[in-house]
Amino acid sequence: MATPGFAGKILLVNLTNKEIRALDTEKYEQYGGGQGTGTALFWEYCVVPGDWDLQDAFHPKNMVALMTGAVSGTGVPRGARTSVSGLSPQCYPIQWFGHSNFGGMFSTFLKMAGWDGVAVIGRAESPVYINIVDDKVTLEDAKALWGLNSWECQEEIWKRSGIRYGQEWQEIDGRYTLQRPAIVTIGPAGENMTRVASLIHGGGSGAGQGGFGGVFGSKNLKAIAVVGTKGIKIADPKGLKDIEVWYEKNWPSGPGFGGFGPPSVQSACIGCGQFRKCHNRDRAHSQDSDDCAESTFFSLMPEYGIDREAITPINQKGTDIVQQLGINAMETCFMGPMSFDTDHNPDFPIQPKVPAYTALGWYMKKMYDMGVIGPGTKYDMAPLNMKDFATQEFMEIYGLALAKRYGIGDLLAEGTARFAEKLGRTDDFNTLCRLTMWGYQDHWSMPGVDWAYGNLMDSRDINSHDMSFGNPSGGFGGFGGGGKEWTCEDFVKVQAERTTYNDPFWFDFSWEGKQAYKTGVFSKHKAEFVAWRMHYWTYYKESVGFCDWGYAQLFSRSHPKGYGHTPEAEPRYLNAVTGRNHTFEDGLEIGRRAWNLKRAIFTLQGRHKQMENFAGYMYRPGASYCGFSPELPIYDGKKWEWQNCRELFLTREGVDQWKTHFYDIEGWDKDTGYPKRRTLEKLGMKHVADFLKSKNKLG
Amino acid sequence: MAKDKKSVGDKDGKKFSRRDFLVVGGTALAGGALAGYPAKTTATEKENEYAPSTAYLVYDSKHCAGCYSCMLACSLVHEGETNLSLSRIQVHRAVLKKYPFDIEINVCRQCPVPLCVENCPTGACHISVENGNIRMIDSEKCIGCRTCIESCPYIPHRPIWNPVTEKAMKCDLCTDAPYYNKQGGVNGTQACVEACVANALKVVRELPDQTDISGYDRDLQPPRKAMPGFPFGPPKAKSKSETSPDTL
Ligand code: SF4
Ligand code: SF4
């Protein structure tokens, strides 16, 4: 009997030999579902056989795993994510084991068809799609779908499904549904194995980071379609419903943040129930779209005066193009030096030599303006006509060139880091491109520091928006409505209490002098917090399926004591669904297990302590200029106070010190960063320790 | 299933009106599910045979978010599991259609002339006087013949089939919801209404206009509250000097 909340089996499809298998979910529950399960499957099916070098994401032996968590489809608010994992072609220089996730309906439909996830290995001879109708799984010919954009492909599969929108119930083996299949698909960018291709589901739910669209393409896999007519067992249905009341009582103004742009009719992931402008129906950039990333695609701000939050034809078109072609908007966009400080902190304009967030489109234009590419160089700009720059026509051709690898698009399709490398300009990582780590654009990793450290220890921009550490009176931490003013000390105390570890120095952002080493950003305290955060993230968000826009939440103004819903909401929801009696800390421990298993994979791929260094700009003034939340808690040895940390930057010695603490806390070797036998065995992964030992990679 | 229905209602079920039904239905269904139903009966005569429901579930398809929370809640409180196929309210999204044609909501209309009740051979589908005259199915009496389902003049049909119990079920405004800790029914609360954070569902007392889709599908929005802007509140005006163009 499967644990309630889980469907009980996982689908494993080998496209090379067309083998379709059902695996027992129970065996993988110790890894938490979602990404944890995806990591365990990768270990079992891609690492243990030992028959390839784990370097090429487009290798047929790579696995792409789409996994759900216990709360998907149960109506637990903000719990509908589908995790995606496998070697990721976007990571640079090594294509690390990576991951992404997307919202919408897919996870729920998969579970209602009786599957906790679908993992795909191998490569089909010609294009196929996987069709799941309850227990029945077939590989369908997708030759006629190859070349279609993501929306056309979905329309075509819906047609084939025979289920008509707004019509009568469809019978499936004596059961009925009105729902058309949930489909995750790729557009041309994935088919052509670009490194910037997303998976697209519905109008605009997408998994962008990692470039998993290209992995689908490399497997000749166009789409996965699923429709289910079954239910998801809930251990305590009454209790689950009652949590709504408890939640509403304690956090009347809801969780987390959300919202872009002008008022809209909202839409949401399935069962969300706590959405806040993350998707919308009537804003036509675009249906079901998360405007955040997509609308950055052709945001030529500020030079060209296109406001990414405005509803203009060019923004709408840009958003649609991203969805249809299946491009990772964040990586390829035209957003030039962007910094919230231009709007919000006029005292701190962007520091001249170090631009903030920049991306591929913007970088390409810069290279053109500087004469590195274009006329007189060996890089012809065709099919782009740079005279048309900033026009909709230009944007459309740029998208197509990139997705189909036409002309200059072939170079761009490799992503910013490899494009710069090809031009012989890897120094730009530190200046123009601002690639914090592993080829990823800077995001809001600083001055929050723990986001940056997360990127360093993981393989991507962790994109973890739960940093509610800013001064709630004005900053990002001010979730929820009005309420009292918070002293820095009280604020830090609440946060510390809500982690359950009660160490206020986890939130000290002292970055200068001795205090930085004692309690601040290079201290053991910060290392402990980052470890906590990565375990939390690995389990509760990436594996259980809680949405980053609502979790974690350590502080909320909407609660009289300032309590965020972490650490109460997570186990409450999970236990009602699964019937287990897990504590919050039990979940962190599962996260630690999956995190260490991932570390073992990184280790086998070549990760070493020496590689875990930030790009140079992180060690220079200006490192924090693309972030927000500048008012952070600082402890000067005697008292706490809010300080503007816009000038915060790191030092190499400091980061080295921090790493030593971090490895120690994680149980990794201090010289290599390899996990130790004791660590793995304590987590029940002796087999992993033995394997690393056999490869001389045990710490 | 219910093939003859297409000859009864307008294809999308939306424009179907009571008057149309009584005129068209009276003839089209003669000899079918409603054998013996006198073609000449007037609407008023027939309506007087049934006590009207005292509560109706109405919805706002233009403000629904398509989150399906209502469906998950409905199946949760009735069946103890979440199951889109066993929800008595049905929302269906077509995310690639343009607003507002991208969402369909189908609820039981508690019809003034309930053909599900009229045609049930065992009296399982009945008007529950003790529960405010809502049209309910007594599962003890249901023999699983699907007549109520096939009699429903709307597409898709509102009574639904439970393949596990092999019985029909329909919206009871949560009167009989074994996994609901609250008092449901006409004088209580309803799981779907509670679950909807978009204010797109509501139970009303008066009989909705039967001649037009807007009787049930109506604007239910309270006066709008401003949503917080991102990330710090409403955008401030930018002054030129604050907007530093690039750099190198
Ligand atoms: S009122 Fe109750 S029974 Fe009717 S649709 Fe809503 S949740 Fe289901
Ligand atoms: S809960 Fe409300 S917003 Fe969500 S699908 Fe149902 S009616 Fe629409």
Among the residues of region A:548-577, the number that are under 21 Å from residue A:239 (Cα atoms) and surrounded by fewer than 22 Cβ atoms within 10 Å (Cβ to Cβ) is 4
Across region A:1-48, the tally of residues that are over 27 Å from residue A:73 (Cα atoms) and without any contact (Cβ under 8 Å) to a residue 12 or more places away in the chain stands at 2
Screening A:223, A:235 for residues that are buried (at least 23 other Cβ atoms within 10 Å of the Cβ), modelled with pLDDT of 80 or more, more than 18 Å from the chain's Cα centre (by Cα) and not in a helix (DSSP H, G or I) leaves only A:223
Of the residues in region B:188-205, those that are open to solvent by 70 Å² or more (accessible area, probe 1.4 Å) and at pLDDT 95 or above come to B:202, B:205
- Task: Could you tell me whether region B:72-85 includes any residue that is within 16 Å of ligand 1 (Cβ to nearest atom), open to solvent by 20 Å² or more (accessible area, probe 1.4 Å) and either modelled with pLDDT of 95 or more or in contact with a strand residue (DSSP E or B) (Cβ under 8 Å, 6 or more places away or on another chain) (or both)?
- Result: yes
| message | Within region A:416-434, does at least one residue satisfy the condition of being crowded, with 17+ Cβ neighbours inside 10 Å, modelled with pLDDT under 95, aliphatic (A, V, I, L, M) and outside any loop (DSSP other than H, G, I, E, B)? | response | no
Counting only residues in region B:161-198 that are aromatic (Phe, Trp, Tyr) and within 12 Å of ligand 1 (Cβ to nearest atom), the one farthest from the other protein chains (Cβ to nearest Cβ) is identified as B:180
Scanning region A:494-545 for residues that are part of a helix (DSSP H, G or I) and of a type in the set (Asp, Glu), the one nearest to residue A:662 (Cα to Cα) turns out to be A:528
When every residue in region B:60-71 that is more than 10 Å from ligand 1 (Cβ to nearest atom) and closer than 26 Å to residue A:232 by Cα is compared, the one surrounded by the fewest Cβ atoms within 10 Å (Cβ to Cβ) is B:65
Those strands (runs of 3 or more DSSP E) completely within region A:88-138 that have 1 or more residues that are within 14 Å of chain B (Cβ to nearest Cβ) and closer than 22 Å to residue A:153 by Cα are A:97-102, A:128-133
Among residues of region A:37-95 being buried (at least 24 other Cβ atoms within 10 Å of the Cβ) and at positive phi, the residue modelled with the highest pLDDT is A:86
Being in contact with a Leu (Cβ under 8 Å, 6 or more places away or on another chain) and within 16 Å of ligand 2 (Cβ to nearest atom) narrows B:174, B:152, B:192, B:196 down to just B:192
Restricted to region B:96-110 and to residues being open to solvent by less than 20 Å² (accessible area, probe 1.4 Å) and within 10 Å of chain A (Cβ to nearest Cβ), the residue nearest to ligand 1 (Cβ to nearest atom) is B:106
Please verify whether residue B:89 is within 12 Å of ligand 2 (Cβ to nearest atom) and touching a Gly at 6+ places or on another chain (Cβ under 6 Å), treating the condition exactly as stated.
no
Pairs returned, first residue in region A:117-144 that is on the phi > 0 side of the Ramachandran plot, second residue that is surrounded by fewer than 15 Cβ atoms within 10 Å (Cβ to Cβ), beta-carbon separation under 6 angstrom, 6 or more apart or interchain, are A:122/A:16
Residue check, residue B:113 open to solvent by 10 Å² or more (accessible area, probe 1.4 Å), away from every other protein chain (no Cβ under 14 Å), in a loop (DSSP other than H, G, I, E, B) and within 15 Å of ligand 1 (Cβ to nearest atom) = no
Of all strands (runs of 3 or more DSSP E) fully inside region A:1-80, the set with 3 or more residues that are in contact with a Lys or Arg (Cβ under 9 Å, 6 or more places away or on another chain), of a type outside the set (Phe, Trp, Tyr) and under 28 Å from residue A:220 (Cα atoms) is A:9-14, A:19-24
Result of the Cβ filter at 6 Å on region B:57-84, keeping first residues that are facing chain A (nearest Cβ under 7 Å) and partners that are of a type in the set (Phe, Trp, Tyr) and open to solvent by 10 Å² or more (accessible area, probe 1.4 Å), at least 6 apart or interchain, is B:77/B:179; B:77/B:180; B:80/B:179
Margin query: It is to be established whether one or more residues within region B:116-131 are of a type outside the set (Phe, Trp, Tyr), within 14 Å of chain A (Cβ to nearest Cβ) and part of a loop (DSSP other than H, G, I, E, B).
Written below: no
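The values are calculated or read from the model by the stated rules, or taken from the named source; none is laboratory data. Quantities reported herein were computed from a predicted structural model and do not represent experimental measurements. Backbone-built Cβ (ideal geometry, glycine too); neighbour counts: all protein chains shown. Calculation scope for accessible area: heavy atoms of the full protein, side chains included, ligands and nucleic acids excluded. Shrake-Rupley method; radii C 1.70, N 1.55, O 1.52, S 1.80 Å.
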